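J.: I have a structure here, written as C-alpha coordinates, and I will follow up with some questions on it.
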Amino acid sequence: MAHIPFNLPHLTGKEAHYMYEAVNKGKLSGNGDFTKQCQRFLEERYGFRKCLLTTSCTDALEMASMLCDIKPGDEVIVPSYTFVSSALAFVRAGARIVFADSMKRNPNIDAERIGELITPRTKVIVPVHYAGVSCDMDRIMEIAGRHNIMVVEDAAQAIDSYYKGRPLGSIGHLAAFSFHETKNIIAGEGGCLAINDPSLIRRAEIIWEKGTNRAEFFRGEVNKYGWVDTGSSFLPSEVVAAFLWAQFESLEDIQKKRRLLWDCYYENLKPIADKGTFKLPDLPEYATNNAHMFYLVCNSLDERTALISKLKENDVLAVFHYLSLHSSPFYKDRHDGRILEQSDRYSDCLVRLPMYYDLTLDDVRFISGVIKTAL
Ligand SMILES: *Cc1c(COP(=O)(O)O)cnc(C)c1O
(Lines give C-alpha, C1' and ligand atoms only; values in the text may rest on other atoms or scores of the structure.)
Protein backbone atom coordinates (compact mmCIF):
# COMPACT_ATOMS: atom_id res chain seq x y z
CA MET A 1 0.00 0.00 0.00
CA ALA A 2 1.32 3.41 -0.94
CA HIS A 3 1.84 6.28 1.44
CA ILE A 4 -1.42 7.89 2.56
CA PRO A 5 -0.97 11.53 3.60
CA PHE A 6 -3.23 13.24 6.11
CA ASN A 7 -4.52 15.77 3.59
CA LEU A 8 -4.24 16.49 -0.13
CA PRO A 9 -5.72 19.67 -1.62
CA HIS A 10 -8.26 18.69 -4.27
CA LEU A 11 -8.32 20.49 -7.63
CA THR A 12 -11.55 20.38 -9.64
CA GLY A 13 -9.66 21.09 -12.89
CA LYS A 14 -11.24 24.49 -13.57
CA GLU A 15 -9.10 26.57 -11.19
CA ALA A 16 -6.32 27.47 -13.65
CA HIS A 17 -8.88 28.27 -16.34
CA TYR A 18 -10.71 30.84 -14.17
CA MET A 19 -7.44 32.28 -12.84
CA TYR A 20 -6.30 32.79 -16.42
CA GLU A 21 -9.62 34.48 -17.15
CA ALA A 22 -9.13 36.80 -14.17
CA VAL A 23 -5.65 37.72 -15.37
CA ASN A 24 -6.90 38.41 -18.90
CA LYS A 25 -9.58 40.76 -17.64
CA GLY A 26 -6.79 43.06 -16.52
CA LYS A 27 -8.26 43.60 -13.08
CA LEU A 28 -6.48 41.65 -10.39
CA SER A 29 -7.16 43.54 -7.18
CA GLY A 30 -10.06 42.60 -4.92
CA ASN A 31 -13.83 43.08 -5.16
CA GLY A 32 -14.01 42.33 -8.90
CA ASP A 33 -16.33 40.01 -10.83
CA PHE A 34 -15.14 36.69 -9.37
CA THR A 35 -15.27 38.07 -5.82
CA LYS A 36 -18.84 39.29 -6.34
CA GLN A 37 -19.82 36.00 -7.96
CA CYS A 38 -18.46 34.00 -5.00
CA GLN A 39 -20.15 36.27 -2.46
CA ARG A 40 -23.49 36.09 -4.26
CA PHE A 41 -23.22 32.29 -4.45
CA LEU A 42 -22.79 32.07 -0.66
CA GLU A 43 -25.52 34.63 0.05
CA GLU A 44 -28.03 32.86 -2.17
CA ARG A 45 -27.22 29.30 -1.17
CA TYR A 46 -26.95 29.88 2.58
CA GLY A 47 -29.09 32.96 3.16
CA PHE A 48 -26.34 35.18 4.59
CA ARG A 49 -27.52 38.80 4.60
CA LYS A 50 -24.13 39.86 3.25
CA CYS A 51 -20.92 37.94 2.58
CA LEU A 52 -17.41 39.36 2.12
CA LEU A 53 -14.47 37.26 0.94
CA THR A 54 -11.36 37.57 3.09
CA THR A 55 -7.79 36.34 2.83
CA SER A 56 -8.40 33.83 5.66
CA CYS A 57 -10.84 32.81 8.37
CA THR A 58 -8.47 34.43 10.83
CA ASP A 59 -8.97 37.73 9.00
CA ALA A 60 -12.74 37.25 8.98
CA LEU A 61 -12.59 36.74 12.76
CA GLU A 62 -10.52 39.91 13.11
CA MET A 63 -13.15 41.80 11.14
CA ALA A 64 -15.76 40.33 13.49
CA SER A 65 -13.76 41.49 16.49
CA MET A 66 -13.66 45.04 15.06
CA LEU A 67 -17.38 44.94 14.25
CA CYS A 68 -18.18 43.84 17.82
CA ASP A 69 -16.22 46.88 18.98
CA ILE A 70 -14.06 44.90 21.37
CA LYS A 71 -12.34 47.14 23.93
CA PRO A 72 -9.68 46.26 26.52
CA GLY A 73 -11.34 44.48 29.41
CA ASP A 74 -14.25 43.08 27.41
CA GLU A 75 -14.80 39.36 27.89
CA VAL A 76 -15.24 36.85 25.08
CA ILE A 77 -16.37 33.26 25.67
CA VAL A 78 -14.47 30.80 23.45
CA PRO A 79 -14.09 27.03 23.73
CA SER A 80 -10.59 26.03 24.83
CA TYR A 81 -10.54 23.13 22.39
CA THR A 82 -10.21 25.07 19.13
CA PHE A 83 -7.74 26.64 16.75
CA VAL A 84 -5.78 29.66 18.02
CA SER A 85 -7.55 32.14 15.70
CA SER A 86 -10.94 31.72 17.43
CA ALA A 87 -9.43 33.49 20.45
CA LEU A 88 -6.55 35.46 18.95
CA ALA A 89 -8.73 37.79 16.87
CA PHE A 90 -10.33 39.10 20.07
CA VAL A 91 -7.15 39.07 22.18
CA ARG A 92 -5.57 41.47 19.66
CA ALA A 93 -8.26 43.99 20.49
CA GLY A 94 -7.61 43.65 24.23
CA ALA A 95 -10.31 41.16 25.18
CA ARG A 96 -9.99 38.76 28.08
CA ILE A 97 -10.84 35.25 26.92
CA VAL A 98 -13.08 33.22 29.21
CA PHE A 99 -12.46 29.68 28.05
CA ALA A 100 -15.38 27.26 27.99
CA ASP A 101 -15.24 23.49 28.23
CA SER A 102 -16.42 21.08 25.52
CA MET A 103 -19.27 18.64 25.84
CA LYS A 104 -18.69 15.05 26.82
CA ARG A 105 -20.49 13.79 23.71
CA ASN A 106 -18.48 15.85 21.21
CA PRO A 107 -15.83 18.62 21.20
CA ASN A 108 -18.31 21.49 20.73
CA ILE A 109 -18.80 24.12 23.43
CA ASP A 110 -21.03 22.97 26.29
CA ALA A 111 -23.95 25.35 25.78
CA GLU A 112 -25.59 24.28 29.05
CA ARG A 113 -22.69 25.77 30.97
CA ILE A 114 -22.20 29.08 29.14
CA GLY A 115 -24.53 30.82 31.62
CA GLU A 116 -21.98 30.33 34.44
CA LEU A 117 -19.37 32.23 32.45
CA ILE A 118 -21.36 35.36 31.71
CA THR A 119 -20.54 38.59 33.55
CA PRO A 120 -21.55 42.22 32.89
CA ARG A 121 -18.39 42.50 30.73
CA THR A 122 -19.22 39.59 28.42
CA LYS A 123 -19.49 40.95 24.89
CA VAL A 124 -19.24 37.98 22.53
CA ILE A 125 -19.74 34.21 22.46
CA VAL A 126 -17.80 32.28 19.81
CA PRO A 127 -19.34 28.87 19.09
CA VAL A 128 -16.95 26.75 17.00
CA HIS A 129 -18.70 24.11 14.89
CA TYR A 130 -16.09 21.41 15.36
CA ALA A 131 -15.73 19.02 12.40
CA GLY A 132 -18.56 20.93 10.72
CA VAL A 133 -21.05 19.62 13.30
CA SER A 134 -23.30 22.31 14.71
CA CYS A 135 -23.21 23.60 18.26
CA ASP A 136 -26.55 23.87 20.06
CA MET A 137 -27.38 27.21 18.42
CA ASP A 138 -30.91 27.74 19.82
CA ARG A 139 -29.56 27.55 23.33
CA ILE A 140 -26.58 29.80 22.52
CA MET A 141 -28.70 32.44 20.73
CA GLU A 142 -31.19 32.38 23.59
CA ILE A 143 -28.53 33.03 26.26
CA ALA A 144 -26.88 35.69 24.06
CA GLY A 145 -30.20 37.43 23.40
CA ARG A 146 -31.08 37.49 27.08
CA HIS A 147 -27.79 39.21 27.97
CA ASN A 148 -27.46 41.35 24.84
CA ILE A 149 -24.30 39.54 23.73
CA MET A 150 -23.10 39.12 20.13
CA VAL A 151 -22.59 35.66 18.65
CA VAL A 152 -19.75 35.09 16.17
CA GLU A 153 -19.85 31.59 14.68
CA ASP A 154 -16.42 30.15 13.95
CA ALA A 155 -17.69 28.18 10.96
CA ALA A 156 -14.19 27.57 9.57
CA GLN A 157 -14.95 23.87 9.14
CA ALA A 158 -18.68 24.19 8.65
CA ILE A 159 -19.37 24.98 4.99
CA ASP A 160 -22.59 23.34 3.74
CA SER A 161 -23.65 22.05 7.14
CA TYR A 162 -26.93 22.71 8.97
CA TYR A 163 -28.58 23.15 12.37
CA LYS A 164 -32.25 22.11 12.39
CA GLY A 165 -32.33 22.83 8.67
CA ARG A 166 -30.67 26.25 8.96
CA PRO A 167 -27.26 26.73 7.28
CA LEU A 168 -24.38 27.17 9.71
CA GLY A 169 -23.02 30.67 9.43
CA SER A 170 -26.50 32.14 8.98
CA ILE A 171 -27.51 32.02 12.66
CA GLY A 172 -25.06 34.20 14.63
CA HIS A 173 -24.75 37.97 14.15
CA LEU A 174 -21.53 37.19 12.27
CA ALA A 175 -19.79 34.04 11.05
CA ALA A 176 -16.33 33.25 9.71
CA PHE A 177 -15.49 30.52 7.18
CA SER A 178 -12.12 29.19 6.01
CA PHE A 179 -11.00 28.13 2.55
CA HIS A 180 -7.58 27.01 3.76
CA GLU A 181 -6.30 24.00 1.84
CA THR A 182 -7.20 21.64 4.69
CA LYS A 183 -10.92 22.48 4.52
CA ASN A 184 -13.68 21.06 2.26
CA ILE A 185 -13.66 24.01 -0.16
CA ILE A 186 -10.29 25.60 -0.70
CA ALA A 187 -8.46 28.59 -2.13
CA GLY A 188 -5.02 27.82 -0.69
CA GLU A 189 -5.51 30.52 1.90
CA GLY A 190 -8.89 32.22 2.02
CA GLY A 191 -12.06 32.79 3.96
CA CYS A 192 -15.20 34.86 4.23
CA LEU A 193 -17.24 36.79 6.72
CA ALA A 194 -21.03 36.32 6.76
CA ILE A 195 -22.89 39.30 8.17
CA ASN A 196 -26.40 38.41 9.29
CA ASP A 197 -27.14 41.47 11.40
CA PRO A 198 -28.08 44.11 8.79
CA SER A 199 -26.96 46.96 11.05
CA LEU A 200 -23.35 45.75 10.68
CA ILE A 201 -23.19 45.55 6.88
CA ARG A 202 -22.14 49.11 6.06
CA ARG A 203 -19.34 49.13 8.63
CA ALA A 204 -18.18 45.66 7.55
CA GLU A 205 -17.60 46.90 3.99
CA ILE A 206 -15.60 49.85 5.29
CA ILE A 207 -13.44 47.74 7.61
CA TRP A 208 -12.89 45.34 4.68
CA GLU A 209 -11.62 48.17 2.44
CA LYS A 210 -8.94 49.67 4.72
CA GLY A 211 -11.29 51.95 6.62
CA THR A 212 -12.57 53.67 3.48
CA ASN A 213 -16.05 53.90 1.96
CA ARG A 214 -14.64 52.74 -1.37
CA ALA A 215 -17.32 50.07 -1.91
CA GLU A 216 -20.08 52.72 -1.68
CA PHE A 217 -18.15 54.95 -4.08
CA PHE A 218 -17.93 52.20 -6.71
CA ARG A 219 -21.66 51.58 -6.41
CA GLY A 220 -22.17 55.30 -7.08
CA GLU A 221 -23.72 55.92 -3.67
CA VAL A 222 -21.25 58.68 -2.75
CA ASN A 223 -19.30 60.96 -5.10
CA LYS A 224 -15.91 60.62 -3.38
CA TYR A 225 -14.40 58.20 -0.95
CA GLY A 226 -12.03 58.59 1.96
CA TRP A 227 -10.93 57.42 5.37
CA VAL A 228 -13.99 57.03 7.58
CA ASP A 229 -13.24 54.26 10.12
CA THR A 230 -10.76 51.63 11.30
CA GLY A 231 -10.04 48.64 9.07
CA SER A 232 -7.36 46.78 7.18
CA SER A 233 -6.79 45.12 3.81
CA PHE A 234 -8.96 42.05 4.29
CA LEU A 235 -10.03 41.35 0.71
CA PRO A 236 -8.33 38.72 -1.46
CA SER A 237 -7.24 39.37 -5.04
CA GLU A 238 -9.36 38.27 -7.99
CA VAL A 239 -6.89 35.44 -8.64
CA VAL A 240 -7.86 33.83 -5.35
CA ALA A 241 -11.58 34.43 -5.95
CA ALA A 242 -11.27 32.85 -9.42
CA PHE A 243 -9.75 29.73 -7.88
CA LEU A 244 -12.50 29.64 -5.30
CA TRP A 245 -15.20 29.95 -7.94
CA ALA A 246 -14.04 26.69 -9.53
CA GLN A 247 -14.40 25.01 -6.15
CA PHE A 248 -17.91 26.37 -5.60
CA GLU A 249 -18.97 25.01 -8.99
CA SER A 250 -18.02 21.53 -7.76
CA LEU A 251 -19.37 21.89 -4.24
CA GLU A 252 -22.06 19.19 -4.58
CA ASP A 253 -19.58 16.71 -6.01
CA ILE A 254 -16.98 17.47 -3.34
CA GLN A 255 -19.48 17.08 -0.50
CA LYS A 256 -20.89 13.87 -1.94
CA LYS A 257 -17.49 12.23 -2.25
CA ARG A 258 -16.42 13.28 1.25
CA ARG A 259 -19.64 11.88 2.74
CA LEU A 260 -19.09 8.60 0.93
CA LEU A 261 -15.62 8.29 2.47
CA TRP A 262 -16.89 9.34 5.88
CA ASP A 263 -19.69 6.73 5.82
CA CYS A 264 -17.20 4.06 4.76
CA TYR A 265 -14.96 4.87 7.76
CA TYR A 266 -17.98 4.80 10.06
CA GLU A 267 -19.22 1.44 8.81
CA ASN A 268 -15.80 -0.18 8.99
CA LEU A 269 -14.94 1.17 12.42
CA LYS A 270 -18.30 0.81 14.16
CA PRO A 271 -17.81 -2.87 15.18
CA ILE A 272 -14.51 -1.96 16.89
CA ALA A 273 -15.98 1.13 18.55
CA ASP A 274 -18.87 -0.98 19.85
CA LYS A 275 -16.36 -2.97 21.90
CA GLY A 276 -15.40 0.26 23.72
CA THR A 277 -11.98 0.56 22.08
CA PHE A 278 -12.59 4.20 21.09
CA LYS A 279 -15.47 6.55 20.36
CA LEU A 280 -16.69 7.52 16.91
CA PRO A 281 -17.80 11.06 15.97
CA ASP A 282 -21.08 12.04 17.60
CA LEU A 283 -23.84 13.76 15.61
CA PRO A 284 -26.58 15.36 17.72
CA GLU A 285 -30.10 15.07 16.26
CA TYR A 286 -30.10 18.81 15.41
CA ALA A 287 -26.91 18.65 13.31
CA THR A 288 -25.89 17.48 9.82
CA ASN A 289 -22.54 16.06 8.82
CA ASN A 290 -20.51 17.88 6.13
CA ALA A 291 -17.80 15.21 6.33
CA HIS A 292 -15.10 17.75 7.07
CA MET A 293 -13.25 15.42 9.39
CA PHE A 294 -13.17 11.83 10.55
CA TYR A 295 -11.89 11.51 14.08
CA LEU A 296 -11.71 8.91 16.84
CA VAL A 297 -11.55 9.56 20.56
CA CYS A 298 -9.24 7.03 22.21
CA ASN A 299 -9.48 6.03 25.87
CA SER A 300 -6.09 7.45 26.83
CA LEU A 301 -3.11 9.41 25.57
CA ASP A 302 -1.04 6.20 25.51
CA GLU A 303 -3.59 4.42 23.35
CA ARG A 304 -3.71 7.35 20.96
CA THR A 305 0.10 7.48 20.72
CA ALA A 306 0.20 3.74 20.01
CA LEU A 307 -2.51 4.06 17.34
CA ILE A 308 -0.78 6.93 15.54
CA SER A 309 2.53 5.04 15.47
CA LYS A 310 0.88 1.84 14.24
CA LEU A 311 -0.68 3.82 11.40
CA LYS A 312 2.68 5.43 10.68
CA GLU A 313 4.33 1.98 10.44
CA ASN A 314 1.81 1.29 7.70
CA ASP A 315 2.59 4.58 5.96
CA VAL A 316 -0.67 6.25 7.01
CA LEU A 317 -0.41 9.74 8.43
CA ALA A 318 -2.93 10.39 11.20
CA VAL A 319 -2.63 13.51 13.36
CA PHE A 320 -3.93 14.98 16.58
CA HIS A 321 -4.61 18.64 17.19
CA TYR A 322 -5.67 21.43 19.53
CA LEU A 323 -3.76 21.60 22.74
CA SER A 324 -6.21 23.30 25.11
CA LEU A 325 -5.78 27.04 24.60
CA HIS A 326 -6.30 27.81 28.30
CA SER A 327 -3.02 26.05 29.09
CA SER A 328 -1.08 27.36 26.06
CA PRO A 329 2.24 29.14 26.71
CA PHE A 330 0.64 32.37 25.44
CA TYR A 331 -2.45 32.30 27.63
CA LYS A 332 -1.92 30.09 30.69
CA ASP A 333 -0.89 32.94 32.99
CA ARG A 334 -4.02 34.87 32.06
CA HIS A 335 -6.42 31.95 32.44
CA ASP A 336 -8.57 32.06 35.59
CA GLY A 337 -7.49 28.60 36.72
CA ARG A 338 -10.69 26.64 36.00
CA ILE A 339 -10.02 23.04 35.01
CA LEU A 340 -11.52 22.21 31.61
CA GLU A 341 -11.72 18.47 31.77
CA GLN A 342 -13.31 17.65 28.43
CA SER A 343 -11.06 20.02 26.50
CA ASP A 344 -8.01 18.33 28.03
CA ARG A 345 -9.45 14.90 27.26
CA TYR A 346 -9.86 15.74 23.56
CA SER A 347 -6.35 17.26 23.52
CA ASP A 348 -4.98 13.95 24.80
CA CYS A 349 -7.24 11.41 23.12
CA LEU A 350 -8.59 12.67 19.79
CA VAL A 351 -6.99 11.50 16.54
CA ARG A 352 -7.88 12.61 13.01
CA LEU A 353 -7.71 10.12 10.17
CA PRO A 354 -6.80 11.00 6.55
CA MET A 355 -9.79 12.70 4.94
CA TYR A 356 -9.65 14.30 1.51
CA TYR A 357 -11.48 14.11 -1.80
CA ASP A 358 -8.91 12.02 -3.62
CA LEU A 359 -8.77 9.36 -0.91
CA THR A 360 -10.32 6.09 -2.17
CA LEU A 361 -12.72 3.65 -0.54
CA ASP A 362 -9.90 1.09 -0.69
CA ASP A 363 -7.67 3.50 1.24
CA VAL A 364 -10.39 3.86 3.87
CA ARG A 365 -10.81 0.09 4.16
CA PHE A 366 -7.04 -0.32 4.44
CA ILE A 367 -6.76 2.33 7.17
CA SER A 368 -9.69 0.79 9.05
CA GLY A 369 -7.99 -2.61 8.80
CA VAL A 370 -4.79 -1.24 10.30
CA ILE A 371 -6.79 0.27 13.18
CA LYS A 372 -8.53 -3.07 13.76
CA THR A 373 -5.23 -4.94 14.12
CA ALA A 374 -3.66 -2.15 16.21
CA LEU A 375 -6.19 -2.34 19.01
C1 LIG B 1 -8.92 26.36 10.00
C2 LIG B 1 -9.54 27.03 11.17
C3 LIG B 1 -9.36 28.39 11.43
C4 LIG B 1 -8.40 29.25 10.66
O5 LIG B 1 -8.66 29.34 9.31
P6 LIG B 1 -7.63 30.16 8.38
O7 LIG B 1 -8.40 30.31 7.11
O8 LIG B 1 -6.42 29.30 8.23
O9 LIG B 1 -7.34 31.45 9.02
C10 LIG B 1 -10.04 28.96 12.50
N11 LIG B 1 -10.85 28.24 13.27
C12 LIG B 1 -11.04 26.92 13.07
C13 LIG B 1 -11.97 26.17 13.95
C14 LIG B 1 -10.37 26.27 12.01
O15 LIG B 1 -10.54 24.96 11.83
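J.: Arrange the residues W262, W227 by how much accessible surface each exposes, largest first, with a 1.4 angstrom probe.
T.: Numbers: W262 15, W227 220 Å².
Result of the area sort, largest leading: W227, W262.
J.: When Rg is the radius of gyration of the Cα atoms in the range 121-267 and Rh is its Kirkwood radius, what does Rg/Rh come to?
T.: Numbers: Rg = 17.6 Å, Rh = 17.2 Å.
Looking at the range 121-267, the ratio lands at 1.02.
J.: On C-alpha positions alone, give me the angle between the axis of helix 57-67 and the longest principal axis of the chain, in degrees, nearest 10.
T.: The angle comes out near 50 degrees.
J.: Please list 3J(HN,Hα) in residue order for the range 123-135, calculated via the Karplus relation 6.51 cos²θ - 1.76 cosθ + 1.60 where θ = phi - 60°; whole Hz, with x for glycine and proline.
T.: Values, residue by residue: 10, 9, 10, 10, x, 9, 7, 5, 6, x, 9, 5, 6 Hz.
J.: Also, I was wondering about something else. Under the rule of at least 5 residues apart or a separate chain, name every residue whose amide H is placed under 5 Å from the amide H of G30.
T.: Placed amide hydrogens put E238 under 5 Å from G30.
J.: State the Cα centre-to-centre distance between the range 346-371 and the range 1-75 in whole Å.
T.: So the separation of the two Cα centres works out to 27 Å.
J.: How big is the accessible area of V78 in square angstrom, nearest 10, if you roll a 1.4 angstrom probe over the protein chains?
T.: Rounded to the nearest 10, that gives 0 Å².
J.: If you count, for each residue, the other Cβ atoms within 10 Å and average over each peptide, how do 279-285, 340-346 line up from highest to lowest?
T.: Details: 279-285: 14.7, 340-346: 20.1.
The peptides rank, most packed first, as 340-346, 279-285.
J.: Can I ask one more? Would the range 244-375 count as rounded, prolate or oblate if I go by the C-alpha gyration tensor, calling it rounded below 1.5 in a/c and otherwise prolate when a/b exceeds b/c, oblate otherwise? Working shown, then result.
T.: Working: a/c = 1.86, a/b = 1.28, b/c = 1.46.
Oblate.
J.: Taking H placed 1.01 Å from N in the peptide plane, check which residues at least 5 places from L350 or on another chain put their amide H under 5 Å from its amide H.
T.: HN-HN under 5 Å from L350: C298.
J.: Another question, if that's okay. Based on the Cβ-Cβ distance from N148 to H3, what FRET efficiency comes out when R0 is 45 Å, to the nearest 0.05?
T.: E(calc), rounded to 0.05, equals 0.30.
J.: Mean-square fluctuation check for the chain, GNM, Cα pairs under 10 Å: which of A155, A95, A273 is largest?
T.: A273
J.: Using only Cα atoms, tell me the angle between helix 15-24 and the longest principal axis of the chain; keep it within 0 to 90° and round to the nearest 10.
T.: With rounding to tens, the tilt is 20 degrees.
J.: Using each residue's phi in the range 265-277, evaluate 6.51 cos²θ - 1.76 cosθ + 1.60 at θ = phi - 60° and report the 3J(HN,Hα) Karplus result to the nearest Hz, with x for Gly and Pro.
T.: My calculation for the range 265-277 gives 4, 4, 4, 6, 9, 4, x, 6, 4, 4, 7, x, 5 Hz in order.
J.: Given a 1.4 Å probe, how much area per residue of the range 273-375 is accessible, in Å²? Don't jump to the answer; show the numbers that get you there.
T.: Values: 4900 Å² over 103 residues.
Accessible surface, normalised per residue, equals 48 Å².
J.: Now for a different question. For R113 and N24, what does the FRET efficiency come to when R0 = 41 Å and r is the distance between their Cβ atoms, rounded to the nearest 0.05?
T.: 0.15
J.: Mind checking the per residue accessible area of the range 1-59 for me, 1.4 Å probe, whole number of Å²?
T.: It amounts to 53 Å² per residue over the range 1-59.
J.: To the nearest 10 square angstrom, how much accessible area does Y266 have with a 1.4 angstrom probe?
T.: Counting only protein heavy atoms, Y266 exposes about 80 Å² to solvent.
J.: Here is a further query. Let a ≥ b ≥ c be the square roots of the eigenvalues of the Cα gyration tensor of the range 68-207; is it rounded (a/c under 1.5), or, if not, prolate (a/b larger than b/c) or oblate? Walk me through the numbers before you get to the answer.
T.: Numbers: a/c = 1.38, a/b = 1.13, b/c = 1.22.
Rounded, since a/c falls under 1.5.
J.: Leaving out ligands and nucleic acids, and using a 1.4 Å probe, what accessible area per residue does the range 91-222 come to in Å²? Don't skip to the answer; put the middle values down first.
T.: On the way: 4740 Å² over 132 residues.
On a per-residue basis, 36 Å².
J.: Which value in nm describes the separation of the simple spin-label points at K310 and K164, placed 7 Å from the Cα toward the beta carbon?
T.: Those two pseudo-labels are separated by 4.1 nm.
J.: Give me the percent of the accessible area of the chain that comes from carbon and sulfur atoms, probe 1.4 Å, all protein chains in place.
T.: Working: 8470 of 15950 Å².
Whole-percent figure for carbon plus sulfur exposure: 53.
J.: Taking H placed 1.01 Å from N in the peptide plane, check which residues at least 5 places from D136 or on another chain put their amide H under 5 Å from its amide H.
T.: Those qualifying (amide H under 5 Å, at least 5 residues apart or on another chain) are A111.
J.: Could you tell me which of rounded, prolate or oblate describes the chain, using a ≥ b ≥ c as the square roots of the eigenvalues of the alpha-carbon gyration tensor, with rounded for a/c under 1.5 and, failing that, prolate when a/b is larger than b/c and oblate otherwise? Could you put the intermediate results ahead of the total?
T.: Details: a/c = 2.09, a/b = 1.27, b/c = 1.65.
Taking the square roots of the gyration eigenvalues as a ≥ b ≥ c, the chain is oblate.
J.: Tell me, what is the 1.4 Å probe accessible area of D33, in Å² to the nearest 10?
T.: 80 Å²
J.: Across the range 356-366, in residue order, what do the Karplus-derived ³J(HN,Hα) couplings come to in whole Hz, using 6.51 cos²θ - 1.76 cosθ + 1.60 with θ = phi - 60° and x for Gly and Pro?
T.: 7, 3, 8, 5, 10, 4, 5, 4, 5, 5, 4
J.: In terms of solvent-accessible area of protein heavy atoms at a 1.4 angstrom probe, what is the ranking of W208, W245, highest value first?
T.: Numbers: W208 5, W245 40 Å².
Most to least solvent-accessible, the answer reads W245, W208.
J.: At 7 Å along Cα-to-Cβ for each site, give me the label-to-label distance between K14 and L283 in nm.
T.: Distance between label points: 2.7 nm.
The values are calculated or read from the model by the stated rules, or taken from the named source; none is laboratory data. It should be emphasised that the depicted structure is a prediction, and the values quoted were computed from it without experimental measurement. As a convention, Cβ positions derive from the backbone with ideal geometry for all residues, glycine included, and neighbour counts pool all protein chains shown. What goes into the accessible areas is simple: the full protein's heavy atoms, side chains included, and nothing from ligands, DNA or RNA. Shrake-Rupley method; radii C 1.70, N 1.55, O 1.52, S 1.80 Å.
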